[in-house]
Amino acid sequence: MRDLAFPHRHLLGIEGLTPAEINYLLDLSDRYVDVNRSAQKTSEALAGRTIVNLFFENSTRTRTSFELAAKRLGANVINMQVENSSVSKGETLIDTAVTLNAMHPDVLAVRHPDSGAVKLLADKVNCGVVNGGDGSHEHPTQALLDALTIRRRKGKLNGLLVAICGDVLHSRVARSNFLLLLTMGARVRIIAPRTLIPSAVDRLGVEVFTDMAAGLKDVDIVMMLRVQNERMRGSFIPSVREYFHFFGLDREKLAQAKPDALIMHPGPMNRGTEIDSDVADDVERSVIREQVELGVAVRMAVLEVLANNSMAQNAKGALGRTGT
Amino acid sequence: MSIAKPGRIAYINARVLDPASGYDGPGEVLTSGEEIVDVGRKLFDGKLPADVDVIDCDGMCLSPGLVDMRVQLREPGEEHKESLKSASEAAVASGVTTMVCLPNTNPIMDDEPTLEFVARRARLLALTKVYCYGAVTKGLQGKELAEMGLLAEAGALAFTDATRAIADAQVMRRALQYGATFGLMIVQHPEEPTLATGVMNAGEIATRMGLSGIPREAEIIMLERDIRLVAMTGGRYHAAHISTADSVEIIAKAKADGLKVTCDTAPFYFALNELAVRDYRTFAKLSPPLRADEDRQAIVEGLKSGVIDAIASDHAPQDSDSKRLPFPQAAFGGSGLETLLAVSLDLYHNEHMSLLDVMRRLTLAPAELLGLQAGSLAKGRKADLTIFNPEEGWKVIADNFISKSKNSPFDGRPVQGRVLRTVVDGRTVFNAMPAEAKHASAKAR
């Protein structure tokens, strides 16, 4: 039977999820954190099931995290790293989806450089799809693992003041995070130079700051975003040096935040570009390594729920009933 | 191929809509051969001459055939998307008796042989009348002027770089100056390319979808710059498919200042807004992009006030391979020919404009802009006619389009207004009139 607490076939984004659904995934993830810290980490929850990691963009961390999550649940995992050149070979995204679908996977974890591409693929397959990051759109498992990290440390999400700093314009991590945090009742500030702030973003409910000191004032959480190098050479910001001076997180700027504010980063970090090593490695404040750890637990929870929903859906289909 | 010359034909029991005379009422039209010979409330007083064929319009609307001033032809070059034949068949089934095609074919229409090729192919098809724009610059590269004078002699009605803006201010200045030498109109795709690097309208929806935005200012800035150049050169300028509220204001001011400036828009921009791209619907990925609803409403107002002179289909056929892609990679453009009349009639059904005024923007207005003897039911004019039922409802199903491409942003939309018969040079080239009506007319004789 389909999981009534999370009845969706796919996890394509945070947009549209209810607080109850988000809490359900976080609670389930929490249990997997404990499993992952015990000696016996693997289970048979998804034994015999097939998870395909379909990555159209280079990724080590997210792909490894999905792979490990699937293996700990006893599933078979296939990693497909599809270079962008396959598009030039003539196979379209839809062709790839149809081909993979014929192999009857249970869940596809997909990353693609174009916004909306994961949805396009999800529309063409019978299995569950989890968005592992699409363009500048969403990266829902990252937002869930960030929320889990915060909830475990602060005991709640509601009422917290969170600052998201850096390249919000191009960041799927930022979008998924502020959508989730706002849904859960947190206040969100984004801090960036104007060139990296998406248009009309304030209409989505975030507060916009262009000054780090003002934006970090009294926040509970500081989330730093990675700045892509190719955006550093004069197109959006003049130079690494100038960016770090005004928007890099160092001790001085961090002093504006609450004394117990947590420092987060989705990785991989550009030390000395958006974050000072001294701050990133501060064991008292930085939860960056914990984020990586909890990422596996979150992906276990998501894969389990989607694989079960996928099985329920296809069983219904086999009985000739129409799915919903 | 020879086509029998039509004899004398009487169109009776019609609601005649003639934007040229301003007449909207019951009437009859008599054609002989290729021409209209008489129009009136009652031409025959019940006694039809024996040598006349009768077409009983059964109270349906009879207007001049539609003049579609912005159609992208894909022949020569991309016949898998659209051929002259498929576009012409789609056109006549949609009441379009004249279409004017952009020069972005392959080869590009920047020389006489390509223009002549299209003209000859259209003559052989003998469906809708086909005219072409010439390229403003060689290869549409925006650098060197094409042979505008010679192209005009070869039949180019006006000049444009099609879907590309003439971005270089010096080139635009010279195009306007040189065009003014021969009285030629320059048609601009008003969009500053350096600002238009995104894939949809900039704003909240784009931010939510994680798509790069094209700000409204891309259009506004280019229009403002161009208007300055028109004032400077005295050139004749036409802005194609305007899409923002500010654009309407800018054109209104330029007209008030006495500049030779006109513009058109497409049904996309008064019938849809940016919400149509939600769920990453690539069929609604257009250039210029669909805007916010305030802009859409301003376009409707611009049509009502007359600031926007004409409505064109902006027909941009794309095959499914160009559209079934992730949104950022998908091609721009929407199929427009087969929904031109019905979606434009929304303006009438929603009581924004009179039926006659809507028809004016689709017929006489574009004809006058381009210097065509069309869009009028005056005696002596070519008998290019459309008979349609403005009330008949139907649902747009793009898969049923005659056009080779099915990329309609209106797919699934309920519309009102059905073309029943299309006549070009006195000859019926499309007929969907009920057989009973024809029978009844025979008896009436």
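The values are calculated or read from the model by the stated rules, or taken from the named source; none is laboratory data. Worth saying up front: this structure is predicted, and the values here are computed from it rather than measured. We place every Cβ from the backbone using ideal geometry, glycine too, and count neighbours over all the protein chains shown.
I want to confirm something. Restricting to region B:206-221 and keeping residues that are more than 8 Å from every other protein chain (Cβ to nearest Cβ) and assigned to a helix (DSSP H, G or I), which single residue is surrounded by the fewest Cβ atoms within 10 Å (Cβ to Cβ)? The extreme case among them is B:Glu217. Restricting the search to region A:268-281, which residues are touching a residue at least 60 places away in the same chain (Cβ under 8 Å) and surrounded by fewer than 19 Cβ atoms within 10 Å (Cβ to Cβ)? Selection gives A:Pro268 alone.
Answer with yes or no whether A:Ser176 is buried (at least 24 other Cβ atoms within 10 Å of the Cβ), at pLDDT 95 or above and part of a loop (DSSP other than H, G, I, E, B). Taking the combined requirement at face value, the residue does not satisfy it. Of everything listed in (1) buried (at least 20 other Cβ atoms within 10 Å of the Cβ); (2) touching a Phe, Trp or Tyr at 6+ places or on another chain (Cβ under 9 Å); (3) of a type outside the set (Lys, Arg), the single unmet condition for A:Asp250 is (1).
From the list B:Ala239, B:Ala231, the one residue that fits, being buried (at least 23 other Cβ atoms within 10 Å of the Cβ) and of a type outside the set (Asp, Glu), is B:Ala239. The set of residues in region B:148-197 being under 28 Å from B:Pro289 (Cα atoms) and either in a helix (DSSP H, G or I) or polar (S, T, N, Q) (or both) consists of B:Thr160, B:Thr163, B:Ala169, B:Gln170, B:Val171, B:Met172, B:Arg173, B:Ala175, B:Leu176, B:Gln188, B:Thr194, B:Thr197. In region B:229-248, of all residues being within 22 Å of the chain's Cα centre (by Cα) and not in a strand (DSSP E or B), the one that is nearest to B:Ala175 (Cα to Cα) corresponds to B:Ala240. Within region B:340-360, is there a residue that is among the basic types (Lys, Arg), part of a helix (DSSP H, G or I), touching a Gly at 6+ places or on another chain (Cβ under 9 Å) and at negative phi? The answer is yes; a qualifying residue exists.
Quick grid of which residues meet (1) under 21 Å from the mean Cα position of the chain (by Cα); (2) buried (at least 24 other Cβ atoms within 10 Å of the Cβ); (3) closer than 16 Å to B:Asp384 by Cα:
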site	(1), (2), (3)
B:Glu89	yes, no, yes
B:Ala93	yes, no, yes
B:Val100	yes, yes, yes
B:Asn104	yes, no, no
B:Met109	yes, yes, no
B:Phe117	no, no, no
B:Leu124	no, no, no
B:Lys138	no, no, no
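Among the residues making up region A:10-23, a single one is in a loop (DSSP other than H, G, I, E, B), away from chain B (no Cβ under 14 Å) and surrounded by 19 or more Cβ atoms within 10 Å (Cβ to Cβ): A:Leu17.
Every residue, every condition in (1) surrounded by fewer than 14 Cβ atoms within 10 Å (Cβ to Cβ); (2) in contact with a Ser or Thr (Cβ under 8 Å, 6 or more places away or on another chain), yes or no:
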residue: A:Gly215; (1), (2): no, no
residue: A:Asp220; (1), (2): no, no
residue: A:Phe236; (1), (2): no, yes
residue: A:His245; (1), (2): yes, no
residue: A:Ala255; (1), (2): yes, no
residue: A:Lys258; (1), (2): no, no
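Considering each residue of region B:316-328 in turn, none proves to be closer than 15 Å to B:Ala87 by Cα, out of contact with any Phe, Trp or Tyr (no Cβ under 6 Å at 6 or more places or on another chain) and part of a helix (DSSP H, G or I).
If you go through region B:202-248 and keep only what is among the aliphatic types (A, V, I, L, M) and in contact with a His (Cβ under 9 Å, 6 or more places away or on another chain), you end up with B:Met209, B:Leu211, B:Met222, B:Ala239, B:Ala240. Filtering region B:119-144 to residues that are touching a Gly at 6+ places or on another chain (Cβ under 9 Å) and under 21 Å from B:Phe182 (Cβ atoms) leaves B:Ala119, B:Tyr131, B:Cys132, B:Gly134, B:Val136. Kindly indicate the residue of region A:137-157 that is charged (D, E, K, R) and either within 14 Å of chain B (Cβ to nearest Cβ) or under 30 Å from A:Ala117 (Cα atoms) (or both) and also surrounded by the fewest Cβ atoms within 10 Å (Cβ to Cβ) among those meeting that condition. Step by step, filter region A:137-157, then rank; the result is A:Asp146. Annotation: A:Val125 fulfils all but one of (1) of a type in the set (Val, Ile, Thr); (2) closer than 23 Å to A:His8 by Cβ; (3) at the interface with chain B (Cβ under 10 Å from one of its Cβ atoms); the unmet one is (3).
Yes/no per residue for (1) within 22 Å of A:Ala109 (Cα to Cα); (2) basic (Lys, Arg); (3) not in a helix (DSSP H, G or I):
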{"site": "A:Gln256", "(1), (2), (3)": "no, no, yes"}
{"site": "A:Asp260", "(1), (2), (3)": "no, no, yes"}
{"site": "A:Met269", "(1), (2), (3)": "no, no, yes"}
{"site": "A:Asp282", "(1), (2), (3)": "no, no, yes"}
{"site": "A:Arg289", "(1), (2), (3)": "no, yes, no"}
{"site": "A:Glu293", "(1), (2), (3)": "yes, no, no"}
{"site": "A:Ala297", "(1), (2), (3)": "yes, no, no"}
{"site": "A:Leu303", "(1), (2), (3)": "yes, no, no"}
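On the stretch given as region B:277-286, residues that are within 14 Å of chain A (Cβ to nearest Cβ) and in contact with a Leu (Cβ under 9 Å, 6 or more places away or on another chain) total 4.
Does A:Ile150 satisfy the criteria of being aliphatic (A, V, I, L, M) and either without any contact (Cβ under 8 Å) to a residue 60 or more places away in the chain or in contact with a helix residue (DSSP H, G or I) (Cβ under 8 Å, 6 or more places away or on another chain) (or both)? In short, no. Here A:Thr50 does not qualify as surrounded by fewer than 19 Cβ atoms within 10 Å (Cβ to Cβ) and free of Cβ contacts under 8 Å to residues at least 12 places away in the same chain. More than 30 Å from A:Val98 (Cα to Cα) and either in contact (Cβ under 8 Å) with a residue 24 or more places away in the chain or outside any helix (DSSP H, G or I) (or both): is that true of A:Leu26 in this structure? Criteria met by A:Leu26. Can you tell me which residue in region A:167-208 is farthest from the other protein chains (Cβ to nearest Cβ), limited to those that are touching a residue at least 24 places away in the same chain (Cβ under 8 Å) and over 21 Å from the mean Cα position of the chain (by Cα)? It comes out as A:Pro193. B:Arg15: over 21 Å from B:Glu338 (Cβ atoms), without any contact (Cβ under 8 Å) to a residue 40 or more places away in the chain and touching a Pro at 6+ places or on another chain (Cβ under 7 Å), yes or no? So B:Arg15 fails the test. Taking the criterion of being in contact with a Lys or Arg (Cβ under 7 Å, 6 or more places away or on another chain) and not in a helix (DSSP H, G or I), the residues of region A:179-227 that qualify are A:Val206, A:Glu207, A:Phe209, A:Thr210, A:Asp218, A:Val219, A:Asp220.
In region A:32-105, counting only helices (runs of 4 or more DSSP H) that sit wholly within it, the ones holding 2 or more residues that are among the polar types (S, T, N, Q) and more than 14 Å from A:Val296 (Cβ to Cβ) span A:85-88, A:93-101. Looking only at residues of region B:308-321 that are touching a residue at least 24 places away in the same chain (Cβ under 8 Å) and over 17 Å from the mean Cα position of the chain (by Cα), we find that the one that is nearest to B:Pro267 (Cα to Cα) is B:Gln318.
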